[in-house]
1. Assuming 0.36 nm per residue, please report the length gained on full extension of the stretch residue 200 to residue 1 beyond their Cα-Cα distance.
2. Along each principal axis of its Cα atoms, how long is the range 112-205 end to end? Whole angstroms, biggest number first, please.
3. Measure nothing but the geometry: give the 0 to 90° angle between the long axis through the Cα atoms of 66-79 and the longest principal axis through the Cα atoms of the chain, rounded to 10°.
4. Taking 0.36 nm per residue of sequence separation and subtracting the Cα-Cα distance, how much length would be gained by fully extending the chain between residue 136 and residue 97, in nm to one decimal?
5. Rounded to the nearest 10 degrees, what's the angle between the helix 13-24 long axis and the longest principal axis of the chain, both from Cα atoms, 0 to 90?
6. By average Cβ neighbour count within 10 Å, what is the ranking of 52-62, 30-40 from highest down?
7. Residue 31 versus residue 46, label points 7 Å from Cα toward the beta carbon: distance in nm?
8. Using a 10 Å cut-off on Cβ atoms, rank the peptides 158-167, 118-127, 70-79 from the highest mean neighbour count down.
Ligand code: GRF
């Protein structure tokens, strides 16, 4: 059994998609233990507790940076059963950069979703970057988290066509639909032990 912790900062629609997958049985072998936010007003906290009955926690930044904050995060996760041995940490719109110490703590047990086809358009406003650049195809990427921002080994990607007249908002909405397919799929593969990481490459067994 994998003990799942999800980190959010806002809406939590990807969190919702993952929890729906667990609840319906599409994602087997996963126990959602806790949803943690750095923001007390994150809408996803309500969704987690009211819609899914998953415990929630808020870990306020209090001006703490790097590992000083992240060790509080790790303690909140571990107290809920999300350990480096049998835990999985999903970043789902968590708007903080994770420290190298946290990455080492949960070595190869942290996933993130990014709304672009990495390595294109890392960082903030990925959908706006894609529209401004004029690419014809964009999408989303689920990847393992390593020390770099949006840099870890890619697990899976889904594409969408960029239409003439797309704005950041219209493209983001279409990419989000794909995110809601991709993230539960990646969590399922992780929970089934089907992800084999070989350097930068992730083989799906
Ligand atoms: C998503 O677009 C995700 O790719 C990015 O942040 C957004 C979070 O949305 N990392 P939500 O909170 O999951 O609805």
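1. Difference between extended and current length: 69.0 nm.
2. 41, 24, 17
3. Taking the Cα atoms of the chain, the angle to 66-79 is about 60 degrees.
4. Numbers: separation 39, 0.36 × 39 = 14.04 nm, distance 2.90 nm.
Answer, rounded to one decimal: 11.1 nm.
5. Approximately 60 degrees, to the nearest ten.
6. Values: 52-62: 15.1, 30-40: 20.9.
So the order, starting with the most tightly packed, is 30-40, 52-62.
7. It is 3.0 nm.
8. On the way: 158-167: 13.4, 118-127: 16.8, 70-79: 18.7.
Highest to lowest by the protection proxy: 70-79, 118-127, 158-167.
Every number here is computed from the coordinates shown, using simple stated rules; none is lab data. All of these numbers come straight from a predicted model, not from anything done at the bench. Cβ atoms come from the backbone with ideal geometry, glycine included; neighbour counts cover every protein chain shown.
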